[in-house]
Amino acid sequence: MITEGRVAVNGRVITVLGEKVLSGDEVSLDGKPVKPEDRLRYLALNKPPEYICSSADPQNRPLALELLPAEIKERLYSVGRLDFLSSGLILFTNDGEFAAKIGHPSAEIEKEYLVEATGIIPDSVPQAFAEGITIDGVYYRSREIEKIGRKTLRICLVEGKNREIRRVFSHFHLHPRKLHRIRIGPVLLGGLPSGESRALTDKELRELAGMKKNED
């Protein structure tokens, strides 16, 4: 947007990256004033399957954003993603600094899932995922994994590579019938109904803000 000349500071079009903006400066995009949000929002949503975590979709699939309360006028975006067929806990905010911090792998925020396969899961699958496995040159390893039924695993990830669980299942010729996220760090899905949302508590926000930051 900057290199295209769409951004102006104090009436002057900016085309070079790195321009500093100070408190009191007037910033505009396409001639319209841009201001910091007056209110920061932090929401947890229980996303149903077949909703997409995006601000728009060229295929016109339903958006998870559309499930948030209509009275919220701030522009929210998801922190991380759940794929179209997956369900469960996803966070939304309009706080970019918060989203960048907890979305970065260095924060080491655990994400916990319940995964039910269409067929029986051999014991070799959770063992391989726990020990670490390389698939098509990408290394996958769960932090914790537990078989809680013949077809069901509880899986805890930290880095959460793109479609990690589905890729590992596919490698073992398995298919997840249900992939449901139940926890992000200290935030539990709990009994939040499908399609419903709630504000994060002050305690949850403090704990998320204090998650480990890797300085190596």
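No lab work stands behind these numbers, since they all come straight from the coordinates. Remember, it's a predicted structure, so these values are computed and weren't measured experimentally. Backbone-built Cβ (ideal geometry, glycine too); neighbour counts: all protein chains shown.
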- Message: Between L17 and A209, what is the label-point separation in nm under the 7 Å Cα-to-beta-carbon projection?
- Response: 3.0
- Task: Once you have the Cα-Cα distance between E131 and D83, take 0.36 nm times their residue separation minus that, and quote the gain in nm to one decimal.
- Result: 14.8 nm
- Would you mind calculating the gained length between R39 and S170 on full extension (0.36 nm times residue separation, minus the Cα-Cα distance), in nm to one decimal? 42.9 nm
- Message: Less than 13 Å apart at the alpha-carbon level, and either on another chain or at least 8 residues along: which aspartates and glutamates does that give for K73?
- Response: E37, D38
- Would you pull out the residues with amide H under 5 Å of L200's amide H, same chain only if 5 or more places away, H placed 1.01 Å from N? Y42, L43, A44
- Ranked highest first by the average count of other Cβ atoms within 10 Å around their residues, in what order do 43-49, 1-7, 60-66 fall? 43-49, 60-66, 1-7
- Say R0 is 25 Å: what FRET efficiency, to the nearest 0.05, do A56 and R177 get from their beta-carbon distance? 0.30
- Using 7 Å Cα-to-Cβ label points, what is the A100/E144 separation (nm, one decimal)? 3.1
- Rank-order 162-169, 98-105, 180-187 by packing density, defined as the average count of other C-beta atoms within 10 Å over each peptide's residues, highest first. 180-187, 162-169, 98-105
